[in-house]
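Laboratory data are not the source of any read-out in this text; all were calculated from the coordinates shown. Source: prediction; values computed, not measured. With ideal geometry, Cβ positions are generated from the backbone for all residues, glycine too; neighbour counts draw on all protein chains shown.
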């Protein structure tokens, strides 16, 4: 069972784990052991997630989310299966925790009068500098 927050827990029956051979360093050991983990969690049909968290997860433009609403997390950072399994589960918990936080609405603001004036003064100074560079020096 995954404990995401005090109110959100995900039973192991909703998680699908697949073990495969990892690439990378490790020599013969890597070629013989299935240490990489692919963890799948069906966000779209999970009864464990509150509706607002599910909607936020599905609305995210995340490359780990399939079109069917399944979150796929691959873990192959470590050389043993147990640590990769824990890593994949921790990463899933982190993604779901991020979705529990409601994003703050942006408050539209206007630039102050002083900042507008500073911008205009800077523009005129740059213009004068450029005009000074374009003088005809051949008549001197």
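For Kirkwood radius over Cα pairs in Å, computed directly from the structure shown, the correct entry in (i) 14.9; (ii) 19.7; (iii) 19.0 is (ii). Residue order for 65, 1, fewest other beta carbons within 10 angstrom first, comes to 1, 65.
Taking the Cα atoms only, what angle lies between the long axis of helix 81-100 and the longest principal axis of the chain, rounded to 10 degrees? The angle comes out at about 50 degrees. One Cα centroid belongs to segment 24-39, the other to segment 3-20; the line between them spans 23 Å. Per-residue Cβ neighbour counts within 10 Å put 109, 124 in the sequence 109, 124, beginning with the fewest.
Using only Cα atoms, find the angle between the long axis of helix 113-133 and the longest principal axis of the chain, and express it within 0 to 90 degrees, rounded to the nearest 10. The answer is roughly 60 degrees. For segment 2-100, the relative contact order comes to 30 percent (Cα pairs under 8 Å, sequence separation of at least 6).
Kindly rank 33-41, 66-74, 98-106, 7-15 from highest to lowest mean number of other beta carbons found within 10 Å of each residue.
33-41, 66-74, 7-15, 98-106
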